[in-house]
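Reading through the structure tokens given below for one structure.
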Amino acid sequence: MDNKEFRKQAHLLVDWIADYLDEVENYPVKSQVQPGDVFNSLPDFAPTESEEMDQIIHDFKTKVLPGITHWQSPNFFAYFPANSSYPSVLAEMLTATLGAQCMIWETSPAAAELEEKMMIWLKGITGIPSCWSGVIQDTASTATLAAILTARERCANFESNKSGPEEFKGLRVYCSTETHSSIEKAVKIAGLGSSNLVKVKVDKDFRMDFVALRQAIESDIEDGLTPACVIATLGTTSCTAIDPLSEIAKITSRYDIWLHIDAAFAGTALFLPEYRSMIEGIEHADSFVFNPHKWMFTNFDCSAYFVKDPELLIRTFEILPEYLKTSTRGKVNDYRDWGVPLGRRFRALKLWFVIRSFGVDGIRNKVAEHIRLANWLKGRVLEDNRFELLAPVTMNVVCFRVHPLGIAGIEELNRLNEKLLNQLNGTGKIYITHTKLNGCFTLRMVIAQTYVEQRHVEAAWEQIRKMADEVCA
């Protein structure tokens, strides 16, 4: 492909992209293909000769697109969002064009310095302590791994990277029973062993029981084990419960334990002053993560990770082969020393585009509207005596189930709600997912897609009520 052909195809694709984003709500939001459909539609062998781009794009539309679940649809209410927006897409186009590998300052000074500035902007917007330092990771899972590895090294006086597993045997990590599965995965990768992950019970609102946390820590100390890290969650995966950070921080401060705050989804709510109470006590924490690629209208992947003491993070990850030595080392941030990967994308560019294009007030207004829509839906659930809420609505996630009169057994209710979920998603009109709370099969509706409006939520609720009529008949 030469430049002339590139221009032609790029213009055609930009037009298609604009049309797609304008019409995405008309697609079946959840892919309707069956397992193997896409795979079996593709040739068994790669082409030996060059193929025309027109044919490749045609095959994308006819073979690939039917197998896509449309996360950018305003009818997407599943999992948590992986939001995009027009300015973010434009920035991603530039990022792909530049093709910069942003591992150290020398490889693209603008990438390193824009990243540093964006982390400063985010601190100012969210209320994270100004004295902390930030870095962009790919996902919250990677950021949490970085936190646990740093906590491990801190406990072992930075000897465990050198000496291996015996140096960190018996280190304990604590989280609630509602904490994201990435915590357990990180504990395994860090070599601590999943048996050293202590899952603390939660209260009636699914928040970590800080009394039980203190008891678990004290019991471990008595047994000769070493508490290394506590994970507090602001916005749990199932129902966006908010752990009592202030009380947890008092405990970790008393016992000198690394405190990591996982606010992967809910962190964007900190744009709203009324949600700043979530981080009371953060000055006693050690690290914090939230994902702009979830609720801040920024393309996946982009995770903002902040630490109180960056030197501990750098000591955990830095390694300096001869071919990466530069004259600027020590004068600039070489972010490849701030996490697991050496290679790094230019993620700061899309943050810069999004924040400038929306403005802080524009982001706040969208986030506030999503929370308002969730409370509207909460009201509809409470009004309909066939449905019941199963968790407090802390922000924009509504957890509920259908519970017809005359059905009391949990297994029968679970089967009924699973049937309702499957039939709803089978329509292609909306997409929601489930969790289990206290053993109850729970429908989760997450209202956070960039361009979702009242009419989409109203239509979804009508679809849920209509399908409930059918499954309860």
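Each reported figure results from applying straightforward, stated rules to the coordinates on display, with no laboratory input. Remember, predicted model here, so these are calculated numbers, not experimental data. Please note: Cβ atoms are built from the backbone with ideal geometry, for glycine as well, and neighbour counts cover all protein chains shown.
Annotations
- Cβ-based charge dipole, the chain, positive-most Cα from Ile279, Val397, Leu149: Ile279
- Loop-located trypsin sites (Lys or Arg not before Pro) in the range 195-289, at most 13 other Cβ atoms within 10 Å (DSSP): Lys201, Lys204
- The residues Ile464, Ile410, Ile257, when put in order of fewest to most other Cβ atoms within 10 Å, stand as Ile410, Ile257, Ile464.
- Considering only His58, Pro321, Pro292, the residue lying farthest towards the positive end of the dipole of the chain is Pro292, judged by Cα position with unit charges set on Cβ.
- Residue-count net charge about Leu192 - beta-carbon cut-off 9 Å; Lys, Arg +1, Asp, Glu -1: +4
- Within the range 370-473, the GluC sites (Glu not before Pro) that combine a DSSP coil assignment with at most 14 other C-beta atoms in a 10 angstrom radius are Glu453.
- The order of Glu184, Glu116, going from fewest to most other C-beta atoms within 10 Å of their C-beta, is Glu184, Glu116.
- A Stokes-Einstein calculation at 37 °C with viscosity 0.692 mPa s, built on the Kirkwood radius of the range 193-319 over Cα pairs, returns a diffusion coefficient of 210 µm²/s.
- The charge dipole of the range 366-473, taken about the Cα centre with unit charges on the Cβ atoms of Lys, Arg (+1) and Asp, Glu (-1), comes to about 220 debye, rounded to the nearest 20.
- Normalised by the number of residues in the range 165-290, the mean separation of alpha-carbon contacts (under 8 Å, six or more apart) gives a relative contact order of 23 percent.
- If you take all other residues with their beta carbon under 13 Å from the beta carbon of Tyr79, and give Lys and Arg +1 and Asp and Glu -1, the sum is +3.
- Radius ratio Rg over Rh of the range 68-151, counting only Cα atoms, Kirkwood formula for Rh: 1.01
- With both residues required to sit in the chain, DSSP beta bridges show an antiparallel share near 55%.
- The alpha carbons of the range 189-243 occupy a box of 34, 27, 14 Å along the principal axes, longest dimension given first.
- Converting phi to 3J(HN,Hα) with the Karplus coefficients 6.51, -1.76 and 1.60 and the offset θ = phi - 60°, the range 14-29 yields 4, 4, 5, 4, 4, 5, 4, 5, 6, 10, 4, 5, 8, 7, x, 5 Hz in sequence order, with x at every glycine or proline.
- The amide H of Val200, built 1.01 Å from its N in the peptide plane, has Cys175, Ser176, Thr177 as neighbours under 5 Å, considering only residues 5 or more places off or on other chains.
- The chain - percent relative contact order, Cα under 8 Å, separation 6 or more: 21
- Restricting the calculation to alpha carbons of the range 369-461 gives Rg and Dmax of 13.0, 40 angstrom.
- If the convex hull is drawn through the Cα atoms of the range 247-327, its volume per residue in Å³: 135
- Farthest toward the positive end of the dipole of the chain, out of Ala212, Leu413, Ile231, is the Cα of Ala212, where the dipole comes from beta carbon charges about the Cα centre.
- Packing-based exposure ordering (other Cβ within 10 Å, fewest first) of His403, His11: His11, His403
- Centre-to-centre separation between the Cα atoms of the range 255-317 and those of the range 69-144: 13 Å.
- Computed Rg/Rh of the range 286-330, alpha carbon atoms with Kirkwood Rh: 1.13
- Once the Kirkwood radius over Cα pairs is known for the range 100-345, the Stokes-Einstein relation at 37 °C and 0.692 mPa s delivers a diffusion coefficient of 180 µm²/s.
- With the alpha-carbon atoms of the chain aligned to their principal axes, the span from lowest to highest coordinate is 68, 61, 47 Å, starting with the largest.
- Were the residues from Asn438 through Leu90 laid out at 0.36 nm apart, the gain over their Cα-Cα distance would be 120.9 nm.
- Annotation for the range 327-417: trypsin sites (Lys or Arg not before Pro) lying in DSSP loop with at most 12 further Cβ atoms inside 10 Å of their Cβ are Lys331.
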